[in-house]
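Encoded as structure tokens, the structure appears first; notes follow it.
Readers should treat all values here as calculations from the given coordinates under stated rules, not as data from a laboratory. Keep in mind the model is a prediction, meaning the values are calculated, not measured. As a convention, Cβ positions derive from the backbone with ideal geometry for all residues, glycine included, and neighbour counts pool all protein chains shown.
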Amino acid sequence: MNRLMMYLGFVIVATMLGGLLGGYGGREVGRLSPSFVTGIAYPNPKYMPPSDSFRPAEFGMGLGIVSGFFFGAGTGLFLVLLTIVREIAQARFEVARLMVAGPLRKESAADRVH
């Protein structure tokens, strides 16, 4: 249960970090290139609202946060999956090593004589 909570924490931290970075990146794209964000929001200029009611930096920030959440969650889940696969492989290697070594046996008097 303890590892499950640790892995869940990894995914939550990765998700929040992804959302934070995505929001910051989206805001900067909206600030530096408002025509790009406006084109994403309104591909058909015929339906575009008046210019004072649309704020590209805010739209870019919202889009970046949502995208960052999904990207961060995906990254966190992938890293947890990679860690679990590594632990399973490590456990199998340990079991195989013990099977090859054989059961533990007591040292006899004949083994001590050289």
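Given the condition surrounded by 18 or more Cβ atoms within 10 Å (Cβ to Cβ) and not hydroxyl-bearing (Ser, Thr, Tyr), answer yes or no: does some residue in region 3-12 qualify? Looking through region 3-12, at least one residue is surrounded by 18 or more Cβ atoms within 10 Å (Cβ to Cβ) and not hydroxyl-bearing (Ser, Thr, Tyr). Every test in (1) surrounded by fewer than 11 Cβ atoms within 10 Å (Cβ to Cβ); (2) touching a Pro at 6+ places or on another chain (Cβ under 6 Å) is passed by Pro56 save one, and that test is (1).
Reported count of residues in region 42-57, each being within 11 Å of Gly30 (Cα to Cα) and assigned to a helix (DSSP H, G or I), is 2. Residue count for region 58-94 under the criterion of being within 30 Å of Arg31 (Cβ to Cβ) and aliphatic (A, V, I, L, M): the result is 5.
The residue list Thr38, Thr75 contains one member that is assigned to a helix (DSSP H, G or I), touching a residue at least 60 places away in the same chain (Cβ under 8 Å) and either under 24 Å from Asn2 (Cα atoms) or not charged (D, E, K, R) (or both), which is Thr75.
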